[in-house]
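See structure below.
The values are calculated or read from the model by the stated rules, or taken from the named source; none is laboratory data. Computed from a predicted model, the values in this text were never measured in an experiment. Cβ atoms come from the backbone with ideal geometry, glycine included; neighbour counts cover every protein chain shown. All accessible areas refer to the heavy atoms of the entire protein, side chains included, with ligands and DNA or RNA removed. Shrake-Rupley method; radii C 1.70, N 1.55, O 1.52, S 1.80 Å.
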Amino acid sequence: MTTLDLTPRTAQSPTGSLGDTAALVGRCLRRSTRQLDTLLLAVMLPVMLLLMFVYVFGGALDAGMEYIDFVVPGIVLLTAGYGAATTAVDVATDVTAGIMDRFRSMPIRATGVMTGHVVASMARNAVSTALVVGIALLIGFDAHASLLGWVAAIGLIALYVAALTWIAVAIGVVASGPEAASGFTFAILFIPYVSSAFVPVESMPSALEHVAHGNPVTPVADTLRALLLGTPAGSSAGAAIAWCVGLLLVGWVAAGLLFRRQR
Amino acid sequence: MTAPIIVAKGLRKSYGGVTVLDGLDLEVARGEVLALLGPNGAGKTTTVRILATLLRPDAGTVTVAGYDVVRSPGHVRAALSLTGQYAAVDELLTGAENLALMARLAHLPRAERRTRPGALLELFDLTGAAGRPVKTYSGGMRRRLDLAASLLSRPQVLVLDEPTTGLDPRSRNDLWAVIGDVQRAGTTVLLTTQYLEEADRLADRVAVIDHGRVIASGTASALKAQVGAAHVELTTPEGIERIETDGSVGDVRRILADVERRGLDVTAWEVRRPTLDDVFLTLTGRPSVPAGAPATETRELQETR
């Protein structure tokens, strides 16, 4: 047998390091590559919806432009939102499996575990969103974005994913289990419907129109559509960024506090 | 003896009006194995979670290695490793990947980070399964991997919450052997258990906990002595007869000779020493089975003691 030193080590650092976060990011990326079915679903679901909206409903919908051009930004946000929201399930799984307790009882950075999940979510979403946009382009999405427009669009999607993922992380920590956390996934799937993601807000009954105007997805969808189609974004860009940054901060602070909470 | 490495004073914790810890006091000496023995719901896990900085007590103080668990949780975490009731390992990673991750998070020096996971896998007989995802492991293998993860950091205090619950006898024996090794190397071990045999076998000292308080503590043999002497137990067609003995060869021989003289029809006999089960029964007035009794009833029991 290899000699194994079991004598207690007394000089251990009581604080975390950036290396902790790096190790935990590595962990979550590894996990992602072992859950290809989840990644596949995150691509399949939006692609099915895209095909349905374009070929089944699209002909009957009047969005003031080619319907595919109108709906693709909405589908992209749905993809990103769904992919981000599944992080709540991952985090809740960590909690119920007990590994969260191990992390919490180790001298590591409080946000490291969460950052691991967020970075992995960003990576997964980069893959799924790229695939969905690629398919949209193949079936006739007519993007007119400049290089700068694409860069800005990618930046906006990344910010949207980051914001939703941090919220998802906080929800995953407080959820009673993975099943409860998956409820959040459904909520995120449905929130875009009452926004400008799939149909123009003006086409809705006035009560819903108010809701849609207040829905953070509306400015994000409008901005993304303007960036991808090369049209002016107007005032929606500021609102989109403000919403995303606000949600991101709330999620980040909440997740950090909840992780170290000693009930 | 140096100062105790764990000192808990007057710990209280309740959840929504239900008192879980009711002024628990505990001291564990450096290098000692202490078993926290009690039935389900006695407050064992809550105590352990407070020690591991996962919970904050409502009242009372705890220090681990000289650090207060509430004020200096970072130092406590650096000194202590927790192995909970559920194997706290990543199902999707392999055994080797789990230990490599934990080695980094335990801030092991680079050289140890390379060698130690492998050596621990070997110690726990997991080398063959090291490359397989943990979700393919049996319950016993998971628990072993979990304990290996706890030992990576060479903690000063190892806290084990019901380490052998649900394990088959062989895995349990293996785990007991490792706990013995760890203690011989100088690690303080605090373990909770419902198994009296386990406390008896592993612990230098046993603290019996019931309804959130330590109701007795001492060596297993001292606790047993509190209950009374050993008995020669005779099984006859008429029933079981118990005769008190000091357990010495001479005394048992005298008793058996006496039995022979009386011409009793003895179908079986044994010298029975009191078990910790008997201890529990004597201390609490009830067997060490589920603590379903409401709080008021408890108080009565404690008063009549």
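A:A240 passes every criterion in (1) under 17 Å from the mean Cα position of the chain (by Cα); (2) over 30 Å from B:R77 (Cα atoms); (3) surrounded by fewer than 13 Cβ atoms within 10 Å (Cβ to Cβ) apart from (3). The sole residue among A:V71, A:V113 that is within 14 Å of chain B (Cβ to nearest Cβ) and either assigned to a helix (DSSP H, G or I) or within 13 Å of the chain's Cα centre (by Cα) (or both) is A:V113. In the stretch B:133-152 there is no residue that is assigned by TED's automatic domain parsing to the domain that holds B:L99, more than 21 Å from B:A96 (Cα to Cα), open to solvent by 10 Å² or more (accessible area, probe 1.4 Å) and not aliphatic (A, V, I, L, M).
Residues of the stretch B:1-17 that are part of a strand (DSSP E or B) and without any contact (Cβ under 8 Å) to a residue 40 or more places away in the chain: B:Y15 alone.
Filtered by the rule that a residue be closer than 18 Å to A:R30 by Cβ and out of contact with any Leu (no Cβ under 8 Å at 6 or more places or on another chain), the stretch B:110-141 gives B:R113, B:A129, B:G131, B:R132, B:T136.
Each row is one residue, and each column tells you yes or no for (1) over 14 Å from B:G38 (Cβ atoms); (2) outside the structural domain of B:I50 (by TED's automatic domain parsing); (3) at pLDDT 85 or above.
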site	(1), (2), (3)
B:L167	yes, no, no
B:L175	yes, no, yes
B:T219	yes, no, yes
B:E233	yes, yes, yes
B:D246	yes, yes, no
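A quick yes/no check of all residues on (1) of a type in the set (K, R); (2) in a helix (DSSP H, G or I); (3) loosely packed, with under 15 Cβ neighbours inside 10 Å:
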site: A:I191; (1), (2), (3): no, yes, no
site: A:A197; (1), (2), (3): no, no, no
site: A:E202; (1), (2), (3): no, yes, yes
site: A:A207; (1), (2), (3): no, yes, yes
site: A:H210; (1), (2), (3): no, yes, yes
site: A:P219; (1), (2), (3): no, yes, no
site: A:R225; (1), (2), (3): yes, yes, no
site: A:L228; (1), (2), (3): no, yes, no
site: A:T231; (1), (2), (3): no, no, yes
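Across the stretch B:31-54, the number of residues qualifying as open to solvent by 10 Å² or more (accessible area, probe 1.4 Å), within 13 Å of chain A (Cβ to nearest Cβ), assigned to a loop (DSSP other than H, G, I, E, B) and more than 18 Å from B:V189 (Cβ to Cβ) comes to 0.
When A:T10, A:T33, A:T96 are checked against the criterion of being open to solvent by 70 Å² or more (accessible area, probe 1.4 Å), touching a residue at least 12 places away in the same chain (Cβ under 8 Å) and either out of contact with any Gly (no Cβ under 9 Å at 6 or more places or on another chain) or facing another protein chain (nearest Cβ under 10 Å) (or both), A:T96 stands alone in meeting it. Scanning the stretch A:13-30 for residues that are within 7 Å of chain B (Cβ to nearest Cβ), modelled with pLDDT of 90 or more and under 12 Å from A:I108 (Cα atoms) returns A:D20, A:A23. One residue alone among B:V76, B:V89 is within 26 Å of the chain's Cα centre (by Cα), assigned to a helix (DSSP H, G or I) and of a type in the set (A, V, I, L, M), and that residue is B:V76. The single condition among (1) touching a residue at least 12 places away in the same chain (Cβ under 8 Å); (2) hydrophobic (A, V, I, L, M, F, W, C); (3) within 7 Å of another protein chain (Cβ to nearest Cβ) that B:V28 does not meet is (3). A count restricted to the stretch A:36-68 and to residues that are open to solvent by less than 60 Å² (accessible area, probe 1.4 Å) and either charged (D, E, K, R) or within 17 Å of the chain's Cα centre (by Cα) (or both) stands at 7. Residue pairs whose Cβ atoms lie under 6 Å apart, sitting 6 or more positions apart in sequence or on different chains, and linking a residue in the stretch B:109-128 that is without any contact (Cβ under 8 Å) to a residue 60 or more places away in the chain to a partner that is surrounded by fewer than 20 Cβ atoms within 10 Å (Cβ to Cβ) and in a helix (DSSP H, G or I), are B:L121/B:T127.
When the stretch B:103-116 is filtered for residues that are open to solvent by less than 60 Å² (accessible area, probe 1.4 Å) and either at pLDDT 95 or above or of a type in the set (K, R) (or both), only B:R116 remains.
Residue by residue through the stretch A:102-131, note down the ones that are of a type in the set (D, E, K, R) and open to solvent by 40 Å² or more (accessible area, probe 1.4 Å). Of everything in the stretch A:102-131, just one residue is of a type in the set (D, E, K, R) and open to solvent by 40 Å² or more (accessible area, probe 1.4 Å), namely A:R109.
Of all residues in the stretch B:225-268, those satisfying the criterion of being loosely packed, with under 13 Cβ neighbours inside 10 Å and assigned to a strand (DSSP E or B) are B:G239, B:I240, B:R242, B:E244, B:A268.
Within the set B:D277, B:D200, B:D204, the sole residue that is open to solvent by 60 Å² or more (accessible area, probe 1.4 Å), at pLDDT 90 or above and under 30 Å from B:D181 (Cβ atoms) turns out to be B:D204.
Is at least one residue of the stretch B:69-90 facing chain A (nearest Cβ under 8 Å), touching a Pro at 6+ places or on another chain (Cβ under 6 Å) and more than 22 Å from B:L147 (Cβ to Cβ)? Within the stretch B:69-90, one or more residues are facing chain A (nearest Cβ under 8 Å), touching a Pro at 6+ places or on another chain (Cβ under 6 Å) and more than 22 Å from B:L147 (Cβ to Cβ).
The residues of the stretch A:74-93 that are under 14 Å from A:A162 (Cα atoms) and either facing chain B (nearest Cβ under 10 Å) or open to solvent by 10 Å² or more (accessible area, probe 1.4 Å) (or both), listed by number, are A:Y82, A:T86.
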